[in-house]
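Asker: Sharing a structure here in structure tokens format.
The values are calculated or read from the model by the stated rules, or taken from the named source; none is laboratory data. Computed from a prediction, not measured in an experiment: that's the story for all the values here. Neighbour counts are summed over all protein chains in view; Cβ atoms, including those assigned to glycine, are modelled from backbone coordinates with ideal geometry. These accessible areas exclude ligands, DNA and RNA; they are computed on the full protein's heavy atoms, side chains included. Shrake-Rupley method; radii C 1.70, N 1.55, O 1.52, S 1.80 Å.
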Amino acid sequence: MRTMTKFALAATVATVAVPLALHYWNMSGGEDPLGDTLRTYGFVPINPPSNLMEVGSLYYVDPEVREFKAICHADKADLDGAVVSSRSWEMQENLERNGRFNTGVKIDLGWVISGSADKDYVVKVRASLNDVMIEEIPLGANLQIFTKLMSKPQCNEVAMQYLHGGGYVCQGQKILQATAEYKLDRDAQDKLTASAKASSDEIKSLVKLAVESQSDQSVVDKGGRLFAGAALKYGVSMNPRCIAPPDGRFWRVLPRTPLDRAKNFLLFNVVEPMLPSRPDNVQLAAQETRTAERTK
């Protein structure tokens with residue numbers, strides 16, 4: 001019976017693995033220079049960037065690792081003295097060079113181009129990250145915060161519910177905060193410099209107005225460069241291991257690639273349900289419940 005179960009399991013995995021991996025691989029298409037650069041440093045992009053996420057807090061992460069929903073926020077008193085902040089000049093240089101991203105802001109500058117051939121000359125405003133700051137909390141301090149959060153009935157209940165929701169329940173461990181600098185495409189800058197009727201200051205004013213009106217971002221001029229008026233959080237890194245269900249057989253680790261997503265889908269949705277529950281997981285869940293009750 002055990003041998004037949006292994007053969008059935010292998011056949012199921014082989015049947016599902018290849019098309020599923022190809023499906024996820026095809027879904028990963030599209031240019032995302034900022035996201036690609038952030039991922040090389042172990043960060044997941046926060047879309048849209050905001051200041052809502054923080055280290056120590058618990059989040060539900062969807063299976064595609066694109067959306068984060070807060071479950072419980074860490075108490076500020078527990079974060080004081082535990083969070084370390086540092087600049088990363090090497091990362092900032094890499095993000096400036098390779099992480100330029102499309103802001104979604106467009107400007108029609110055809111009227112400032114000499115001649116009539118480019119009367120509908122629409123250009124895109126791009127951005128790169130500056131003043132990169134990393135916030136990090138050690139795993140030991142994060143464990144203490146996690147234990148305290150999970151001792152709260154409402155936090156524990158929601159976390160347990162979402163463990164079976166098809167995604168992940170994870171704790172924030174690192175946050176990348178930065179300030180965006182807005183620029184036109186290089187080819188657009190060269191073309192405007194060569195044949196524009198307007199001055200560079202006038203074009204810069206148009207860029208500033210377009211960003212503020214189309215993205216709800218304030219823009220400030222610093223030394224002739226346009227920056228966002230406030231720093232935002234652009235990337236997050238969770239604890240290396242997220243929470244696993246009490247009857248789970250595999251560690252929950254956020255996927256970094258389409259192949260990782262396919263592998264996790266197979267492990268959690270195909271393989272794991274076919275395996276018997278681990279008694280030690282049940283005992284561990286009971287022990288965690290007793291510990292939580294004693295700390296109330």
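Asker: Taking the range 123-178 as the region of interest, how many residues are over 18 Å from Ser88 (Cα atoms) and acidic (Asp, Glu)?
Answerer: 1
Asker: I've got another one for you. Hey, does the range 139-156 have a residue that's open to solvent by less than 20 Å² (accessible area, probe 1.4 Å) and more than 26 Å from Arg249 (Cα to Cα)?
Answerer: no
Asker: Is it the case that the range 235-255 has a residue that's over 22 Å from Pro45 (Cα atoms), open to solvent by 30 Å² or more (accessible area, probe 1.4 Å), out of contact with any Leu (no Cβ under 8 Å at 6 or more places or on another chain) and among the hydrophobic types (A, V, I, L, M, F, W, C)?
Answerer: yes
Asker: Look at Arg97 and say whether it is assigned to a loop (DSSP other than H, G, I, E, B) and surrounded by fewer than 19 Cβ atoms within 10 Å (Cβ to Cβ).
Answerer: Answer is no for this residue.
Asker: Could you check the range 33-71 and list, in sequence order, the residues that are hydrophobic (A, V, I, L, M, F, W, C) and either more than 23 Å from Asn98 (Cβ to Cβ) or part of a loop (DSSP other than H, G, I, E, B) (or both)?
Answerer: Listed by number, the residues that qualify are Phe43, Leu52, Met53, Val55, Leu58, Val61, Val65, Phe68, Ala70, Ile71.
Asker: Anything in the range 53-68 that is on the phi < 0 side of the Ramachandran plot and touching a residue at least 60 places away in the same chain (Cβ under 8 Å)? List them, or say none.
Answerer: Met53, Glu54, Val55, Ser57, Leu58, Tyr59, Tyr60, Val61, Asp62, Pro63, Glu64, Phe68
Asker: Another question, then. Considering Glu272, Glu288, Glu212, which residue is at pLDDT 90 or above, in a helix (DSSP H, G or I), charged (D, E, K, R) and surrounded by 14 or more Cβ atoms within 10 Å (Cβ to Cβ)?
Answerer: Selected residue: Glu212, the only one of Glu272, Glu288, Glu212 that is at pLDDT 90 or above, in a helix (DSSP H, G or I), charged (D, E, K, R) and surrounded by 14 or more Cβ atoms within 10 Å (Cβ to Cβ).
Asker: From the set of residues in the range 184-202 that are touching a strand residue (DSSP E or B) at 6+ places or on another chain (Cβ under 6 Å) and buried (at least 17 other Cβ atoms within 10 Å of the Cβ), which is modelled with the lowest pLDDT?
Answerer: Filtering first and then ranking leaves Ala188.
Asker: Do you know which residues across the range 215-233 are in contact with a Ser or Thr (Cβ under 7 Å, 6 or more places away or on another chain) and surrounded by 12 or more Cβ atoms within 10 Å (Cβ to Cβ)?
Answerer: Selection gives Ser215, Phe227, Ala228, Ala231, Leu232, Lys233.
Asker: Surrounded by 15 or more Cβ atoms within 10 Å (Cβ to Cβ) and not in a helix (DSSP H, G or I): does that describe Cys170?
Answerer: yes
Asker: If you don't mind, there's one more thing I want to ask. Mind checking which residues of the range 234-269 are assigned to a helix (DSSP H, G or I) and touching a Ser or Thr at 6+ places or on another chain (Cβ under 8 Å)?
Answerer: Pro258
Asker: Here is a follow-up. Test each condition in (1) modelled with pLDDT of 85 or more; (2) touching a Leu at 6+ places or on another chain (Cβ under 8 Å); (3) assigned to a helix (DSSP H, G or I); (4) among the small types (Gly, Ala, Ser) for Ser205 and report the one that comes out false.
Answerer: (2)
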